[in-house]
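Have a look at the structure below before the remarks.
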Amino acid sequence: MKKPGSDIGRLETLVRQYRNDIEHLVKERNEYLIVSAHQMKSPLSTIIFSINTLIGEYAGKLNSKQLGIIASIKRSADTLQNLIMDIIELEKLRTGKVEFEKIDLVETSMLAIEELRDKIQEKGINFEVNLPNKVLVIKGHRLGMKHIVYNLIENAIKYSNRDGDVSFIVGFDESERTITATVADKGIGIPEKEQENIFKEFYRAPNARRFDATGTGFGMVIVKQVLELFGGSIKLRSKENEGTQMIFSVPLLEVKNRSITIEEEERKNKKIVVIGGVTAGPKAASRARRLDPYAEIIIFEKGNLLAYAGCALPYYISGHLKSQKDLLDALSGFQGGADHFRSVKGIEIKNLCEVTKIDRKNKTVYYKDLMTNMEYTVPYDSLILATGSSPVIPEIIGVNLQNIFVLHGIYDSEKIKTAIANDMARDIVILGGGLIGVEVAEALTVSGAKVTIIEKRGQILSFLDPELSALVERHMIHRGIRIIKNESVSKFIGKNRVKYVQLSNFRLQTDLVILAMGINPNVGLAVQAGLAKGPTGAIAVNEYLQTSDSFIYAAGDCAETRHVVLEKPYYLPLGSVANRMGRLAGGNSTGKQNNKFSSVTGTIIIKVFDFHVAKTGLSEREAKENGYDSVSSYVPEYDREHFIPGAEIINIKMIACRETKKLLGVQIVGKGDVAKRIDIAAMVISKNGKVEDILSVDLGYAPYFSNAMGAIIVSANVLQNKLDGLFDGVTANEVQSLLQNGGEECVFLDVRTPQEYEEERIPGFDLIPLENLRRRIDEILPGRRVIIACGTGAHSYQAALILKANGFQDVKILEGGLKMWPFKVSRE
């Protein structure tokens, strides 16, 4: 078993090496300094990413000493990364690549102090600020000035004891045209003999190194040189064990009276806290930042990694995505993870921090730092809950045996990949034939494993109607997946590691089990805070995504939505919905927009090997359960002109209300392109459209992209014919039932060519090719119901017209033909 010690040692060595490289870079300063510093950013980011990966890989296996070492390495790497940024900014100032402008020293100082709020709070510092209520205009660079104030106050905090005193006082002399600022502390002080070295590169006093191991010894160099570039100066007064005063001055250009604008008032007060950092949370924070550049935004994430593509986990297991970094980069717009949010978006990230309580009365969040077990609080004006969901863990004997996993995050996927690699898992059992179970089944076959899905219902992918589900099931079986339906696991058997799965009458040997039995919304924190749950069990929200507390929003897998057709609350835990909810909640939380979240159509799309599966709106089963008298059509159609290389069949089921002709739902499965067809249907359903609304859409056409009519329009035409009484169809399930029960009063007629019939046919159907039907019509017994089959239903429709013209009254067409026949067929 791999041990963490070697990885920890390797990272320590790398960080030490990069510190030495940075010191050498600065000492050998030349015209390529900025380029060289930029080149060092990427390796340091990789080290920080490796640290995060290490924490996840050995989650629960690290002792307190190892956790402390890792925390120290991470602090050092973060410090070095910040140092590189400082070097780059300083060099830009030194080389004149940044133009100076008029800036307000008071405003800039307030921004620096705001960024230090957490450090002040965490150490319990008694912080005194005395700033003139004036606009003190200097000529300089805003970022450089902020860095001066930030660095000096941060040092004062760092070298003070817990509950120590730190002050920042700014004064000005208008007649002398000078501003003087003092940062004072009562901390460890600087020994007198060391004071002349404080402004030397990479120098740290011995007592400072003993008191706090972090730091680069470069910060004071930057402060002094930037001040000199601004025409200012700095001096210090200090006594060891009594404290330090840092006094700097800069030229004053002018003094103005300060008037508080609405924007400044908002900037001063707005604090947005986001709980959850995977999908909806980062999206919410990003949108809030876009609308409010001054808000203080914090994301809390209990895990270590931020903003990754959870829906891409099966692709990571299969090897399509090669690394954890690929998963992080797969979430569009969030490449770079936590560092991206901190440095680019200016959003504070508190990962490995668990929110434990929400005090709604005082608008305060309580949280625990999982690395140190220290507890803190943070106030909020707006709070966004994006707490996600948790996998269902069944209460089955032996469920805690080794090699039984869920797939709900990066670390779960890492464990599965490791188990497959190390233990050579060859027999894998998946409990659950829903979205997760089906997608991960394909991913696991890449390893060469024999995969079995156990589903307690009578079909997989229960969001589909049975006949569409059967087509997917047949394809999966063809690709080597074993599917056992109408079965439940009673226990897992094994000594330490799972060896068998016990079913009702037999047991399966297995090396690894994946639990894919669904998810539950994480509502514990919300319920503890007294927020209302909805009928779905998720957090209840209004159309603005506000919870029962108007200052608290909820988005993503923890919150319910509303279904446009059902017109009632609906739970749809999908990444697409989470992103949309997060964006809207983030915008509304700023108070700068008040947008409504549209009801969902329940659109789902997945890939199953080379089969594509999609659904929007209601299934026929759901329509009937909710009181609709529904009509359905079944149409197999090529996704482009059949003569174009790569053209494939897609099987479309379309459902409408018989009375209103309102489009209720669409399901599509097949090897062809289903995405654009399902999106067209989703748009029509979202607007409460009718079947005829699809017929009126002017879709793009070229042979390479579509057939002339368009598959979705062909399907709508068939359904419109049924609604108008021009098409009389019968479903595959109904035909199968008639065949199994004798069907003595029926004639089963196949009107394809003899060659097609020989290659594949439904048992019980007799052949009369369409071109021979008129002259052989006397062979069909009169007074019987005639059920006609062909490849897709198109030729059957022509045959039905011929029979009806010749006096046959009861003629039915097998909808979808043999292309959509989900049951067994006879072959040569």
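With every protein chain present, what is the per residue accessible area of region 114-263 (1.4 Å probe, Å²)?
49
So, for region 422-518, what is the accessible surface per residue at a probe of 1.4 Å, expressed in square angstrom?
I get 42 Å² per residue for this part.
Lys256 to Arg497: extension gain in nm, 0.36 nm per residue of separation minus the Cα-Cα distance?
Residue separation times 0.36 nm, minus the Cα-Cα distance, leaves 79.4 nm.
Determine the order of His408, His475 by accessible area, beginning with the largest, at a probe radius of 1.4 Å.
His408, His475
What do you get for Rg/Rh over region 339-448 if you use C-alpha atoms and the Kirkwood form of Rh?
Across region 339-448, the Cα-based Rg/Rh ratio is 1.09.
Taking only the alpha-carbon positions of region 550-623 and ignoring solvent, what does the Debye formula give for the base-10 log of I(q)/I(0) at q = 0.16, 0.25 Å⁻¹?
-0.66, -1.19
What percent of all Cα-Cα pairs in region 397-458 falls in each 10 Å bin, counting up from 0?
So the P(r) values, bin by bin, are 20, 58, 21, 1.
Can you work out the accessible area per residue across region 644-780, with the rest of the protein chains kept in place, probe 1.4 Å, in square angstrom?
Accessible area per residue, region 644-780: 47 Å².
Which chymotrypsin sites (Phe, Trp or Tyr not before Pro) does region 737-772 hold that lie in a coil by DSSP with at most 14 other beta carbons within 10 Å?
The qualifying sites: there are none.
Residues with amide H under 5 Å of Thr603's amide H, sequence separation 5 or more or different chain, H placed in the peptide plane at 1.01 Å from N; which?
Gly617
Over the heavy atoms of Arg287, what accessible area does a 1.4 Å probe trace out, to the nearest 10 Å²?
40
Would you list Tyr366, Tyr628 from the most to the least accessible area, probe 1.4 Å?
Result, largest first: Tyr366, Tyr628.
Once you have the Kirkwood Rh of region 138-250 from its Cα pairs, apply Stokes-Einstein at 10 °C and 1.306 mPa s and quote D in µm²/s.
The estimated diffusion coefficient comes to 110 µm²/s.
Using a 1.4 Å probe over the heavy atoms of the protein chains, calculate the carbon and sulfur portion of the accessible area of region 342-470 as a whole percent.
Carbon and sulfur together cover 49 percent of it.
Based solely on C-alpha atoms, express the radius of gyration and the Dmax of region 481-521 in angstrom.
11.5, 34
Compare Met476, Met110 by solvent-accessible area with a 1.4 Å probe and give them largest first, with all protein chains kept in place.
Solvent-accessible surface, decreasing: Met110, Met476.
Please list the radius of gyration and Dmax for region 105-161, considering alpha-carbon atoms only, with Å as the unit.
Cα-based Rg and Dmax for region 105-161 come out at 11.9, 36 Å.
Restricting to DSSP loop positions (anything but H, G, I, E, B) with no more than 15 other Cβ atoms inside 10 Å of their own Cβ, which trypsin sites (Lys or Arg not before Pro) remain in region 563-619?
For trypsin sites (Lys or Arg not before Pro) across region 563-619 that sit outside H, G, I, E and B with at most 15 neighbouring Cβ atoms in 10 Å, the list reads Lys592, Lys596.
With a 1.4 Å probe and all protein chains left in place, how much of the accessible area of region 542-627 comes from carbon and sulfur atoms, in whole percent?
Answer for region 542-627: carbon and sulfur cover 46 percent of the accessible area.
Enumerate by residue number the GluC sites (Glu not before Pro) in region 634-714 meeting two conditions: DSSP loop (anything except H, G, I, E, B), and at most 11 other Cβ atoms within 10 Å of the site's Cβ.
Those satisfying the criteria are Glu659.
The values are calculated or read from the model by the stated rules, or taken from the named source; none is laboratory data. Just so it is clear, the model here is predicted, and its values are computed rather than measured. When we count neighbours, we look across all protein chains shown, and the Cβ atoms used for this are built from the backbone with ideal geometry, even at glycine. Just so you know, the surface numbers come from the protein's heavy atoms only, side chains and all, with ligands and any DNA or RNA stripped out. Shrake-Rupley method; radii C 1.70, N 1.55, O 1.52, S 1.80 Å.
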